[in-house]
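Everything below concerns the one structure shown next.
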Amino acid sequence: MVYPARFQAPQANALQLSYSPGHTPLPQKPRMIIQLPSWKSIRRTAGEISASAWELAFRFGQSTTIHGVNRLFSRRAGKYERCVWFLTVMLALLGAIYVSHLLSDRFSEGRLETVVDSTRWPVYHIRFPVVAICNLNQLNWERLEEAKRRYLEPDATPANQELFERVLGSFDNIHFAGFESFMKFQNISLDALNYVNFTEVMTFMTWRCEELLSECIWNHFPMNCCEIFSLRRSKNGLCWAFNSLETDEGRQRQKVDTLWPWHTGAAGPGSGLTVRVDVNPEKQYPRSTNEKGVNVMIVEPTVWHKDPMNIPENTHTMIEVEPVVYFYDNNTRGLGSKLRECIFDDEGGARNFRTLQGYVYMIENCQSECHQQYLVKFCNCTMDLLFPPGPYPTCRAKDLVCLAQNNEHFVYSHRAEEELYVHNYHEGMVCECFRNCYSLNYMSDARPSFLPPETRGNHSYIFLDVHFRFETMMVYRTSLIFGWVDLMVAFGGIAGLFLGCSLISTMELAYFLLVDLPTFVLQKYRNNKGKMQEKRHSVVGPMEELQVKNNNWKQIQQFNMKSQLIQPQSYESLYSNTKVNKKLPLITDWQAPPVAKIHY
């Protein structure tokens with residue numbers, strides 16, 4: 001198709017248009033030239049920032065109380081003077097950092113010291129210990145036939161009755177790690193007695209209060225033994241305990257008597273608990289080879305078990321108790337239980353926190369729980385006669401042989417690090433238990449003296465006198481050698497020695513870094529932003545002209561190209577017949593807008 005000469009391609013700076021049916025030509029986009037800042041403008045901007053920064057530093061140097069910094073940023077200081085003070089301040093700062101690092105290491109070590117907090121603390125501040133008395137022969141054999149009628153099936157064969165009697169004989173001196181008496185049933189099946197609850201049988205056949213205890217005196221006052229003693233379980237079997245909270249009777253008494261467990265402020269014979277314990281050898285198991293006497297356990301209330309003292313029969317035994325208190329102050333809490341090797345009662349989330357169900361943390365309770373878990377580990381059950389009720393299954397008759405076969409595992413208990421110093425000839429129980437951070441220890445000393453026959457006659461008994469040795473006690477306190485208060489004081493001394501500054505100086509520096517410096521940066525940013533906006537306003541004229549011509553081009557585009565058939569020879573008639581604004585220039589006469597130069 002051939003076009004007239006006036007419609008040939010326009011000059012290079014004009015916008016080229018071409019028309020065809022159904023096609024709308026698009027203008028070329030104007031080019032924008034971005035001019036980079038010159039080197040002189042960069043130097044000028046850097047100089048402005050430097051001058052502003054020095055002005056800010058001068059203002060801080062005039063107001064600060066840090067020694068040396070005010071001279072470093074003095075307006076009258078010369079180059080060499082400023083260099084000398086800079087080196088001085090940097091050396092002092094490095095010295096302060098080094099000594100602070102040494103103090104931080106000393107604080108992190110967490111060294112402890114134990115000092116005597118009191119040498120004459122009255123004993124009435126603490127509870128009188130729990131006195132648990134257990135007959136070495138725990139069963140009253142006179143109730144054997146009644147036990148058979150109660151706990152055996154009515155159609156039990158004589159063989160099962162005989163087996164029941166032999167099993168009870170093995171329970172007569174039961175205690176933890178004393179299961180070797182069950183080894184006699186290694187080749188005998190005990191499945192026929194699995195339905196028997198031997199804990200209930202032991203509770204029925206054990207010595208009753210009136211059979212075992214009499215002539216009780218507390219702090220020189222006669223008492224009814226059965227009112228102040230209650231039957232409780234322990235790792236020595238069933239015992240009668242005084243001043244205990246481990247029984248329902250003891251907990252109920254505490255609700256009625258606010259002073260229970262009782263205290264005493266006196267010392268010496270007769271000032272504590274005096275009781276007569278009847279051994280009753282004629283009522284014991286006839287085939288028993290056990291020693292005659294009692295076990296006496298002196299423990300703190302809320303403690304489940306502690307190794308008892310063996311008291312022989314026919315003796316008058318003085319048990320002197322000397323209490324000692326060890327406690328860690330609250331400053332040691334930040335060290336953690338592993339470092340200080342003790343656990344507070346409220347540290348339930350500590351790694352080594354382990355105790356019997358329903359009991360507060362005590363090292364004895366932690367060890368008892370550990371021993372119970374070893375029973376479950378080897379025999380998948382626990383002897384509930386020796387432990388408080390818990391979540392573990394109870395051993396039945398068929399499990400007694402398992403206890404006997406693994407008894408040597410239960411005899412010896414130690415900590416893991418003990419193997420580095422002690423030969424272990426048997427595989428024992430590894431119990432990682434820390435002491436409680438408040439520990440009340442009763443150091444007991446038993447002094448038995450045998451009773452002459454003319455004094456006791458045909459009776460066999462033990463006369464116990466349990467009392468405090470002194471009216472006062474020792475209290476030891478463990479604390480940090482270098483705590484956080486000492487650390488703060490040391491840091492203050494270092495800051496004063498090396499930098500001559502205080503907490504107020506630190507606040508000045510913090511205010512400069514958090515307020516003055518951000519304000520300066522924000523102000524510079526706003527100034528630069530304002531300059532950029534001024535430069536952009538300098539190219540508004542060309543941009544407005546470009547916008548006007550773009551609007552004219554949009555009006556041309558709105559022409560309905562489909563209303564007429566465009567012929568090459570009738571372009572002039574096309575413009576004469578349309579309703580386009582006559583003020584608009586012809587397409588060929590339309591010039592491209594000038595190129596806008598925007599300077600940044």
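Each value in this text was obtained by applying a stated rule to the coordinates, not by laboratory testing. Just so we're clear, the structure is a prediction, and the values are computed from it rather than from any experiment. Every residue, glycine among them, receives a Cβ derived from its backbone with ideal geometry; neighbour counts consider all protein chains shown.
Residue by residue through segment 176-182, what is 3J(HN,Hα) from phi via Karplus (6.51 cos²θ - 1.76 cosθ + 1.60, θ = phi - 60°)? Round to whole Hz and write x for glycine and proline.
Using θ = phi - 60°, the values come out as 5, 6, x, 9, 5, 5, 7 Hz.
For the cross-link pairs 148/398; 338/377; 148/377; 148/283; 184/398, which exceed 21 Å when the distance is taken from alpha carbon to alpha carbon?
As for pairs spanning more than 21 Å Cα to Cα, those are 338/377; 148/377.
Mind listing the long-range amide H neighbours of residue 474? Cut-off is under 5 Å, sequence gap 5 or more, other chains count too, H placed in the peptide plane at 1.01 Å from N.
Here the answer is 325, since their amide H atoms fall under 5 Å of that of residue 474.
Starting from the Cα-Cα distance between residue 504 and residue 484, subtract it from 0.36 nm times their residue separation and give me the gain in nm to one decimal. Don't skip to the answer; put the middle values down first.
Details: separation 20, 0.36 × 20 = 7.20 nm, distance 2.02 nm.
Going from the current span to full extension adds 5.2 nm.
Would you please put 130-136, 220-226 in order of how densely packed they are, using the mean number of other Cβ atoms within 10 angstrom per residue and starting with the highest? Don't jump to the answer; show the numbers that get you there.
Working: 130-136: 24.9, 220-226: 12.7.
For the peptides 130-136, 220-226, the packing ranking is 130-136, 220-226.
Using θ = phi - 60° and the Karplus relation 6.51 cos²θ - 1.76 cosθ + 1.60, list the HN-Hα couplings for segment 251-258 in order, rounded to whole Hz, with x at every Gly or Pro.
Result, ordered by residue: 5, 5, 5, 5, 5, 8, 10, 5 Hz.
Once the piece of chain linking residue 195 and residue 149 is laid out straight, how much longer is it, given 0.36 nm per residue of separation minus the C-alpha distance between them? If you can, show how the numbers build up before the last one.
Working: separation 46, 0.36 × 46 = 16.56 nm, distance 1.43 nm.
Result for the pair: 15.1 nm of gain on full extension.
Out of 513, 479, 499, whose Cα points farthest toward the positive end of the dipole of segment 474-536 (charges: +1 Lys, Arg; -1 Asp, Glu; placed on Cβ)?
Towards the positive end, the residue furthest out is 513.
At a Förster radius of 22 Å, what calculated FRET efficiency corresponds to the Cβ-Cβ distance of residue 454 and residue 210, to the nearest 0.05?
Working from the Cβ atoms, E equals 0.25.
³J(HN,Hα) across segment 134-145 via Karplus (A = 6.51, B = -1.76, C = 1.60, θ = phi - 60°), whole Hz, x for Gly/Pro?
My calculation for segment 134-145 gives 10, 6, 4, 10, 7, 10, 8, 5, 5, 9, 5, 5 Hz in order.
For segment 277-325, what relative contact order do you get, as a whole percent, if you take Cα pairs closer than 8 Å and at least 6 residues apart?
29 percent
What percent do you get for the relative contact order of segment 326-404 when only Cα pairs under 8 Å and 6+ apart count?
Result for segment 326-404 is 18 percent.
Rounded to the nearest Å, what's the spacing between the alpha carbon centres of segment 84-115 and segment 164-240? Just the number, please.
64 Å
Expected output is a single nm value to one decimal: the length gained when fully extending between residue 415 and residue 341, i.e. 0.36 nm times separation in residues minus the C-alpha distance. What is it?
Once the chain is fully extended between residue 415 and residue 341, it gains 25.4 nm.
Considering amide H positions built from the backbone, and no H for Pro or chain starts, which residues 5 or more places from residue 112, or on another chain, come under 5 Å of its amide H?
481
Within 10 Å of each residue's Cβ, count the other Cβ atoms and sort 155, 445 from fewest upward.
Fewest-to-most Cβ neighbours within 10 Å comes out as 155, 445.
Can you compute the modelled spin-label distance between residue 476 and residue 329, with each label point 7 Å from Cα toward Cβ, in nm?
Spacing of the two 7 Å Cα→Cβ label points: 1.7 nm.
With an 8 Å Cα cut-off and a minimum separation of 6 or more residues, compute the relative contact order for segment 360-399 in percent.
30 percent
Measure out, as a whole number of angstrom, how far apart the alpha-carbon centroids of segment 307-371 and segment 372-405 sit.
For segment 307-371 versus segment 372-405, the Cα centre distance is 24 Å.
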